[in-house]
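The values are calculated or read from the model by the stated rules, or taken from the named source; none is laboratory data. Quick caveat, the model's predicted, so the values are computed rather than measured. Note: ideal-geometry Cβ built from the backbone for every residue, glycine included; neighbour counts use all protein chains shown.
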Amino acid sequence: MNPVLSRRAALVLCLLGLAPMLSAAPKVGVLLKGRISFWTAVEKGSERAGQEFGAEIIVKAPLSEIDVAVQIRLLQALAAQGIDALVIAPCNEDTLAGPVAALAAKGVKVVVIDSPLAGKPIGPFVGTDQNAAGEAAGRLLANLIGDRDEVSLLRHTQTSVAAIQRETGAMAALRAVHPQLAIHNDVFASSEYGAEAAQAAFLLSKYPATKAIFASGSTGSMAMLNLLEKRKPAGSIKFVGGGANLNPEVAAALADGTMQGWLAQLPEDVGYKGVAAALALIAGQKVEPVIRTDFILVTRENLHDPRVQALLSN
């Protein structure tokens, strides 16, 4: 590793409770869930950390988050490249647990990001408190509907632990305000690759009385937004979605009332802190078992706050 850490890198290590690490350049494999914008942002953060800390970063990802078998093959490919550490966002908490544990048993340091693995933790976890994020989205929707309204969840996938935690938090917050609320939660946006638009349309056809929707994944959120933009008047169905940072289309939808909330995660921070933690483990440093990254619930009211506007440039 470059013996001279940048001031920013040193600051991040300090914030994580890590001491400066001086060694030969390590090799870190970063295995992501897919290739949508959220994961490209995680990749960007991972590579930025590698550049600042002088590490070699090898990023791999399946085409889709439901390609669990492909992710396992990519894990094997990374192992064959002689990585010193693995930073992984597992597509499936159960299926990936065994292969990752086997790699750790060979001395490879492991950091899990975004979604935890099943069983006893193999290494530190880096990610958003997804349950709290979902609760924030649910509280917002709860304030926009009545006790007898119908609410639908456009869920992400059946295997994403992070999305399931968001959905669970949202439903708990909704029912805390409206105990008898009818919540439909049986439609998955990413049931297969590229199915989001069709699934969004299916949800509205299956539950035509829906008054509010929470979409728990970025691709499903954008598919539902594209559909709701065609409905008049804007905001006739209350809608909260979420994904990486903030994009101009979402900002416009919040401004004109088509969307009431956007749960913005900060995926670049997830990648950056994941690699920083992996490098600390390689250097023999102590790392906290859980390292949190932030989220921001963006609404029309806070859309022009400097911190929110900064998300548009990420």
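Of all residues assigned to segment 249-262, none qualifies as being crowded, with 16+ Cβ neighbours inside 10 Å, under 17 Å from residue 157 (Cα atoms) and touching a residue at least 40 places away in the same chain (Cβ under 8 Å). Here the condition is being over 30 Å from residue 285 (Cβ atoms) and of a type outside the set (Asp, Glu); of 144, 78, 117, it holds for 144 alone. Counting only helices (runs of 4 or more DSSP H) that fall entirely inside segment 44-149 and contain at least 2 residues that are touching a strand residue (DSSP E or B) at 6+ places or on another chain (Cβ under 9 Å) and either closer than 19 Å to residue 244 by Cα or among the aromatic types (Phe, Trp, Tyr) (or both), the qualifying elements are 130-142.
In segment 25-40, which residues are closer than 20 Å to residue 243 by Cβ, hydrophobic (A, V, I, L, M, F, W, C) and either buried (at least 22 other Cβ atoms within 10 Å of the Cβ) or touching a His at 6+ places or on another chain (Cβ under 8 Å) (or both)? 30, 32, 38, 39 - these are the residues of segment 25-40 that are closer than 20 Å to residue 243 by Cβ, hydrophobic (A, V, I, L, M, F, W, C) and either buried (at least 22 other Cβ atoms within 10 Å of the Cβ) or touching a His at 6+ places or on another chain (Cβ under 8 Å) (or both). When residue 243 is tested against (1) more than 17 Å from the chain's Cα centre (by Cα); (2) within 28 Å of residue 63 (Cα to Cα); (3) modelled with pLDDT under 95, just one condition goes unmet, and that condition is (1). Screening segment 181-199 for residues that are surrounded by fewer than 24 Cβ atoms within 10 Å (Cβ to Cβ) and small (Gly, Ala, Ser) and picking the one that is modelled with the lowest pLDDT gives 191.
Criterion first (buried (at least 22 other Cβ atoms within 10 Å of the Cβ) and either charged (D, E, K, R) or touching a Gly at 6+ places or on another chain (Cβ under 6 Å) (or both)) does residue 120 satisfy it? Here the answer is no, as residue 120 does not meet what is asked.
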